[in-house]
Every structure is written in structure tokens, then in C-alpha cells.
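A.B. asks: Questions regarding the structure given below will be posed in turn.
FYI, it's all coordinate maths here, none of it is from the lab. Just so we're clear, the structure is a prediction, and the values are computed from it rather than from any experiment. As a convention, Cβ positions derive from the backbone with ideal geometry for all residues, glycine included, and neighbour counts pool all protein chains shown.
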Amino acid sequence: MKKFLLRLLINAAALYVAIFFLNGRGIIPQSTDWVSLLWLALIFGLVNAILRPLLIIVGCPFIILTLGLGTVLINTLLFYLAGEIGTRFGVGFTVTGFWPALFGALIVSIVSFVLSSVFKERKHRSR
């Protein structure tokens, strides 16, 4: 449960940073309060957990052909879908084009990576 909550907070923070930097530049948020961001992070996590493995399997030849850059397009699609699904529940954001979705997905990936490495549990304790 602790790991799930940490992942949810990291996703919420990453989405907040993406929305903050791209607000008015292709992303139109419905709301920016933390409760809405937590709901949006939950939707984002569910979309990634359900659709990402399927898209990776289906797009495997494309990912291999592009030397891994196909995963960037998959992340862009998932970022866009999470915003659209969240909009249906009143907590999402509208993406006005491909480039804002791409930059939003990149920002979420980078912030999520940095925060995950900061809060990563240590497997080996120092003596």
C-alpha cells in the first residue's frame, strides 16, 4: 500500500509539473487542485497499467524498427488518453495537438524518473 501511495503521489507531482509548464501552450486543465491531480494520477496509472503492455506487445515490431523511439509515441498516446478520460470525470485536461502531448509525456517521464530515483527504497542498508 505504501508503494502504491508513493507511486500515486509521484504521478500527481509529475502531472502537475507538465500541466504547469504547458498550461496555455497546448494543454488546458480543468482544475489544478491537489484532489483533482490525485484522481488524474489514478486515471493515468490505470491507463498505463492496462493499455501500455498491450500497446508495447502490438507495437513491438515498430519499437524495434525505431530503436525504441516508438515507446515515446506510446507514452504520448497514453498521456493524451489519460487527459481525455480525466476530462470525462471533470479532473482532466485537454491537449490541443501532438506536440503538447509529446512534451507533456516527456515532462511526466522525466519528473517521474527523477522523483522515483529520489524516493527509491534502498535494498542494501549501509553498515
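A.B. asks: So what's the gap between the Cα centers of segment 56-116 and segment 3-55, to the nearest angstrom?
C.D. replies: 11
A.B. asks: Could I ask something else about it? What does the convex hull of the Cα atoms of segment 30-113 come to per residue, in Å³, rounded to a whole number?
C.D. replies: 94
A.B. asks: Same structure, new question: Can you find, among Thr96, Ala41, Leu78, the residue sitting farthest towards the positive end of the charge dipole of the chain, where Lys and Arg contribute +1 and Asp and Glu -1 at Cβ?
C.D. replies: Ala41
A.B. asks: Which value in nm describes the separation of the simple spin-label points at Leu9 and Ile57, placed 7 Å from the Cα toward the beta carbon?
C.D. replies: 3.4
A.B. asks: How much length, in nm to one decimal, is gained on full extension between Asp33 and Leu106, taken as 0.36 nm per residue of separation minus their Cα-Cα distance?
C.D. replies: 24.1 nm
A.B. asks: With each run of n ≥ 4 DSSP H residues scored as -39500 (n - 2.57), what mean residue ellipticity at 222 nm is computed for the chain after dividing by its residue count and rounding to the nearest 500 deg cm²/dmol?
C.D. replies: The per-residue figure over the chain is -24500 deg cm²/dmol.
A.B. asks: Hey, can you list the DSSP H helices of the chain whose Cα span along the axis is 18 Å or longer and whose average Kyte-Doolittle score is at least 1.6?
C.D. replies: Counting only whole DSSP H runs, the qualifying helices are 2-22, 34-58, 98-118.
A.B. asks: In terms of modelled amide H atoms, which long-range or inter-chain residues lie less than 5 Å from the amide H of Gly92?
C.D. replies: Gln30, Thr87
A.B. asks: Please state the charge dipole magnitude for the chain, taken about the Cα centre, from unit charges on C-beta atoms (+1 on K and R, -1 on D and E), reported in debye and rounded to the nearest 20.
C.D. replies: 720
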